[in-house]
Amino acid sequence: MREPQMCQIVCKISVGEKEAKVLKEKIEDEYRVNMILDNLPLVVPIQRMDQEGAYFYQHGFHVGAKGQYAGSKDEKSFIHNHLSFTVKYHRDAQRDVSRIVAFEVKPYSVKHEYEGQWNDKKTRLTTCDPHAKRIITSSDSPQEVEVGKDIIFTYDVDFKESDIKWASRWDTYLLMTDDQIHWFSIVNSLMIVLFLSGMVAMIMLRTLYRDISKYNQLETQEEAQEETGWKLVHGDVFRPPSNSDWLCVYVGTGVQFFGMLLVTMVFAVLGFLSPSNRGGLMTAMLLLWVFMGLLAGYSSSRLYKLFKGAEWKNIALRTAFTFPGSVFTIFFFLNALIWGQKSSGAVPFTTMFALVLLWFGISVPLVFVGSFLGFKKPAMEDPVKTNKIPRQIPEQAWYMNPIFSILIGGILPFGAVFIELFFILTSIWLHQFYYIFGFLFLVFLILIVTCAEISIVLCYFQLCSEDYLWWWRSYLTSGSSAIYLFLYATFYFFTKLEITKFVSAVLYFGYMLIASYAFFALTGTIGFYACFLFTRLIYSSVKIE
């Protein structure tokens, strides 16, 4: 600590045919080398073009670079074999203690030369010599990756005192490189969605108030026999839908997701899930998902009992296995592909076993406990009685076609989150830290409001056109935003990423499919519960003989 090192030799290797091929591939694919010092990741400071004296930080340094010799058109691969480290420290004058606050590197490609015989680390280099105070500041004579050539790896370490306090050492890492765009986009998205929400709320409250007043006045007159609009379907609106079992399962899954995300975001906003605790966010999400199985089982069995179901164990079993089972199958397949590539990014077998243990040992029993508790409670009473014979649904206008209205309904929730989605995708796939959980929590609240309102509005229009099949439609209306999420992920893949290998592309689309599936369950459940409460509210507000 605080002892500078200059031109330290690490080793000398002779490049064989296999090594040259591997190195050239890694340089071509822009692989990066990552290191950690005192839990701080290694960064390369890069000068920003728009602001003088300002930097942004690239995580890890590239294995090498491609370029040409002067006067030659042939592109060669050059390896970064000299690393110039800068370790910044903050000194506490009172206790005379120094703590590391930054870990930076400048990589160089240097064709090292030496005098006499090679003598491991005691060899004197002519290109870089601490005795002659000859240090490397540029890559004028770069080290080419070529079969039969030797590569000498060296490094410098420079210690610099810094004003950055140890408690705020992560601040530089967490600065967004395009913070102005981020601020503008978030505020813009927030204003549009709040404006739409206000409009929707005003229309709904005024229209509903007028409808309910009119219907309640008609009850005292002879015109009561000429019912119109949403009141006309009161005898069918609470009729259980087709495939009601699956609706219960997906509602339970959505509640599980909602609970997990809400608690995770609250913890993240309060600062408990810092990137300095590597893997903390994923661990917290997995554990919360497992424990939220209790809510999943409870909500699915409550709805199942409302639909006059009797086999609560069957619903509990499906809730515990449908979503996690399909996700685990996709994840296992993707992990097998990574294993096949001999990548260190593959999840080890022991971790996979631990995940299965969490699923079967904690999540599944909790789903059953939740289902038992939910089914034991008395069933919810419907505000109106359901007729024995279902009435015929009149022919609908083209714009009330189920597919059209479902696809239209998904646009608004997606519009509320797509800007934040861009930053999340960038952090996942372009090696940047994501740490604006305050914004994310705000967008999450906007998403909840938007999903609820768009589902209620389209449900209201559907009931007004005497179509009472609202159960599944309310789930799919806001849930269809997952389609737009996946389409946007595809657009992002072709416009922002340069993935050429088949396995990497399969991994990207596999993980984005899992994310879209989860988003479908989350948004669909929010829309469903909004319509569920809305229909119960309006039908309990009118007098029905």
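The values are calculated or read from the model by the stated rules, or taken from the named source; none is laboratory data. This is a predicted model, so every value here is computed, not measured. Every residue, glycine among them, receives a Cβ derived from its backbone with ideal geometry; neighbour counts consider all protein chains shown. Remember, those area values only see protein heavy atoms, side chains included, never the ligands or the DNA or RNA. Shrake-Rupley method; radii C 1.70, N 1.55, O 1.52, S 1.80 Å.
Within segment 507-528, being under 17 Å from F331 (Cα atoms), out of contact with any Leu (no Cβ under 6 Å at 6 or more places or on another chain) and of a type in the set (A, V, I, L, M) holds for M512, L513, I514, A515, A518.
Within segment 264-282, does at least one residue satisfy the condition of being over 25 Å from F528 (Cβ atoms), in contact with a Gly (Cβ under 6 Å, 6 or more places away or on another chain) and in a helix (DSSP H, G or I)? Checked against the condition, which is being over 25 Å from F528 (Cβ atoms), in contact with a Gly (Cβ under 6 Å, 6 or more places away or on another chain) and in a helix (DSSP H, G or I), segment 264-282 yields at least one hit. What's the total number of residues in segment 141-196 that are among the acidic types (D, E), closer than 27 Å to Y57 by Cβ and modelled with pLDDT of 85 or more? Going through segment 141-196 one residue at a time, the tally reaches 4.
Scanning segment 63-78 for residues that are within 19 Å of E19 (Cα to Cα) and part of a loop (DSSP other than H, G, I, E, B), we see that the one that is least open to solvent (accessible area, probe 1.4 Å) is V63. Those residues that are assigned to a helix (DSSP H, G or I), more than 18 Å from E420 (Cα to Cα) and among the aromatic types (F, W, Y), I need them from segment 456-506; list them, please. Hits for segment 456-506 are Y460, F461, W471, W472, Y475, F494, F502. Among residues of segment 113-135 being assigned to a loop (DSSP other than H, G, I, E, B) and of a type in the set (K, R), the one that is modelled with the lowest pLDDT is K133. Here I13 meets each of (1) within 33 Å of the chain's Cα centre (by Cα); (2) touching a residue at least 60 places away in the same chain (Cβ under 8 Å) with one exception, condition (1). Mind listing whichever residues of segment 304-314 are surrounded by fewer than 24 Cβ atoms within 10 Å (Cβ to Cβ) and in a helix (DSSP H, G or I)? Those that are surrounded by fewer than 24 Cβ atoms within 10 Å (Cβ to Cβ) and in a helix (DSSP H, G or I): K305, L306, W312, K313, N314. Taking the listed residues V101, V22, V110, V44, the one that is touching a residue at least 24 places away in the same chain (Cβ under 8 Å) and either assigned to a helix (DSSP H, G or I) or in contact with a helix residue (DSSP H, G or I) (Cβ under 8 Å, 6 or more places away or on another chain) (or both) is V101, with no other qualifying. Considering segment 496-517, and only residues there that are at pLDDT below 90 and hydroxyl-bearing (S, T, Y), the residue that is least open to solvent (accessible area, probe 1.4 Å) turns out to be S504. Selection within segment 425-442: residues that are in a helix (DSSP H, G or I), modelled with pLDDT under 85 and not small (G, A, S). The member of this set that is farthest from E498 (Cα to Cα) is L442.
Inspect all residues belonging to segment 98-112 and state whether any of them is touching a Gly at 6+ places or on another chain (Cβ under 9 Å), under 19 Å from D140 (Cα atoms), surrounded by 13 or more Cβ atoms within 10 Å (Cβ to Cβ) and not aliphatic (A, V, I, L, M). Yes, segment 98-112 has at least one match. On the stretch given as segment 348-400, residues that are assigned to a loop (DSSP other than H, G, I, E, B), in contact (Cβ under 8 Å) with a residue 60 or more places away in the chain and open to solvent by 60 Å² or more (accessible area, probe 1.4 Å) total 6.
Got a number for residues in segment 276-303 being open to solvent by less than 20 Å² (accessible area, probe 1.4 Å) and either farther than 18 Å from V369 by Cα or polar (S, T, N, Q) (or both)? Reasoning before the result, please.
Of all residues in segment 276-303, those open to solvent by less than 20 Å² (accessible area, probe 1.4 Å) come to 280, 290, 293, 296-297, 299-301, 303.
When the remaining residues are screened for being either farther than 18 Å from V369 by Cα or polar (S, T, N, Q) (or both), the result is 280, 299-301.
The qualifying residues number 4.
Taking the options T490, T535, T500, name whichever one is over 30 Å from D29 (Cβ atoms) and assigned by the TED database to the domain that holds I411.
Details: T490 fails: over 30 Å from D29 (Cβ atoms); T500 fails: over 30 Å from D29 (Cβ atoms).
None of the other options fit; the residue is T535.
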